[in-house]
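Working notes for the structure below.
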Amino acid sequence: MRDAKVLNRNPVALLLTRPQEASARFVSQLPQDLQAGLQVLHAPLMQICPLGDQISYEGYQGVIFTSANGVTAAGHAPGSLPAYCVGQRTTEAAKEAGWQAQFCGATAAALLTRLRAAPPLSPLLHLHGRHTRGGVANQLTALGLPCKGQVIYEQQLLPLSPEVIREISAQSNVIVPHFSPRTARHFASLGLDQVNLTLIALSESVAAELKGLNYKDLRVSKAPDAISMAEMVRDAAVRLAHLEGDNPAQ
């Protein structure tokens, strides 16, 4: 593949700020030849800490998962309760944990639209992290689908190590995919005003948290999912490698 050869001659770094397992899964979605040409830097900016609180499903007709982290924290399904899920990865994780999982779109807004169009039995229980957006439980309740939210894990922010900061500064081109507004805001607060950064945001709300930084480029994914983000990373890596090849003096 011609683009892969260019990338091997002009390497590009990929900085991954999600927890290690999620980052490894994301890299696996990239083409093999592209993986070989990328210098992957793992620097998690968040760790997931399950609270271990007891979850009572008594009286609920179904659960809502808006993140695979919620599935992990909840554990194995207690029975045959349906789980209404945001995102393919969340849906797959819920199925693996024994839930009767249904994919309800790539965003919380899509889930709300789906459940409003085909109302399930209620009340429902939304199992989520300490920091969440959209007020899913309140919005469903307002639509006539009683729903309660329960926090079952913490999303603890982490700093970048001095070693990673030095590595970022030493690179000509660093691609950084961002998947959530909170971690994007945290990244922007770290003072990495680097013109070697190419930032890729999952959505406009994620991109809005990054616009105060200095950077080489900022682009928004065509769709709010990991597959589209992987395509954006691939395109950015090949584009940057070509630019470096055209400007060897830089």
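Would you kindly identify the helices (runs of 4 or more DSSP H) lying entirely within segment 162-210 that contain at least 3 residues that are surrounded by fewer than 18 Cβ atoms within 10 Å (Cβ to Cβ) and out of contact with any Leu (no Cβ under 6 Å at 6 or more places or on another chain)?
On the way: elements: 162-170, 181-188, 204-208.
Fully inside segment 162-210 and qualifying: 162-170, 204-208.
I'd like the residue in segment 64-90 that is aliphatic (A, V, I, L, M) and assigned to a helix (DSSP H, G or I) and, out of all such residues, is nearest to the chain's Cα centre (by Cα).
In this case the residue turns out to be Ala68.
Which one is surrounded by the most Cβ atoms within 10 Å (Cβ to Cβ) among residues in segment 45-60 that are without any contact (Cβ under 8 Å) to a residue 40 or more places away in the chain and not charged (D, E, K, R)?
Within segment 45-60, the subset without any contact (Cβ under 8 Å) to a residue 40 or more places away in the chain is 52, 54, 56, 58.
Narrowing the set further to residues that are not charged (D, E, K, R) leaves 52, 54, 56.
Details: Gly52: 8, Gln54: 6, Ser56: 10.
Per the stated criteria, the residue is Ser56.
Is segment 230-249 home to any residue that is closer than 23 Å to Gly134 by Cα, surrounded by 18 or more Cβ atoms within 10 Å (Cβ to Cβ), under 19 Å from the mean Cα position of the chain (by Cα) and not acidic (Asp, Glu)? If you could, list the steps in order and put the result at the bottom.
First, pick out the residues of segment 230-249 that are closer than 23 Å to Gly134 by Cα: none.
Checking segment 230-249: not a single residue is closer than 23 Å to Gly134 by Cα, surrounded by 18 or more Cβ atoms within 10 Å (Cβ to Cβ), under 19 Å from the mean Cα position of the chain (by Cα) and not acidic (Asp, Glu).
Among the numbered conditions (1) closer than 21 Å to Gly79 by Cβ; (2) buried (at least 18 other Cβ atoms within 10 Å of the Cβ), tell me where Gly98 comes up short.
(2)
Every residue, every condition in (1) free of Cβ contacts under 8 Å to residues at least 60 places away in the same chain; (2) touching a Leu at 6+ places or on another chain (Cβ under 9 Å); (3) closer than 21 Å to Pro19 by Cβ, yes or no:
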{"residue": "Ala74", "(1), (2), (3)": "no, yes, yes"}
{"residue": "Gly79", "(1), (2), (3)": "yes, no, no"}
{"residue": "Tyr84", "(1), (2), (3)": "yes, yes, no"}
{"residue": "Gln88", "(1), (2), (3)": "no, no, yes"}
{"residue": "Ala94", "(1), (2), (3)": "yes, no, yes"}
{"residue": "Gln102", "(1), (2), (3)": "yes, no, no"}
{"residue": "Ala106", "(1), (2), (3)": "no, no, yes"}
{"residue": "Ala109", "(1), (2), (3)": "yes, no, no"}
{"residue": "Ala117", "(1), (2), (3)": "yes, no, no"}
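Regarding segment 148-157, can at least one residue be identified that is part of a helix (DSSP H, G or I) and either in the same structural domain as His128 (by TED's automatic domain parsing) or among the charged types (D, E, K, R) (or both)?
To start, the set of residues in segment 148-157 that are part of a helix (DSSP H, G or I) comprises none.
So far as segment 148-157 goes, no, none of its residues is part of a helix (DSSP H, G or I) and either in the same structural domain as His128 (by TED's automatic domain parsing) or among the charged types (D, E, K, R) (or both).
What is the residue count in segment 101-138 for residues that are among the hydrophobic types (A, V, I, L, M, F, W, C), surrounded by 15 or more Cβ atoms within 10 Å (Cβ to Cβ) and outside any strand (DSSP E or B)?
Qualifying residue count, segment 101-138: 9.
The values are calculated or read from the model by the stated rules, or taken from the named source; none is laboratory data. From a predicted model like this one, the values you see are computed outputs, not experimental measurements. Cβ: placed from backbone, ideal geometry, glycine included. Neighbour counts: every protein chain shown.
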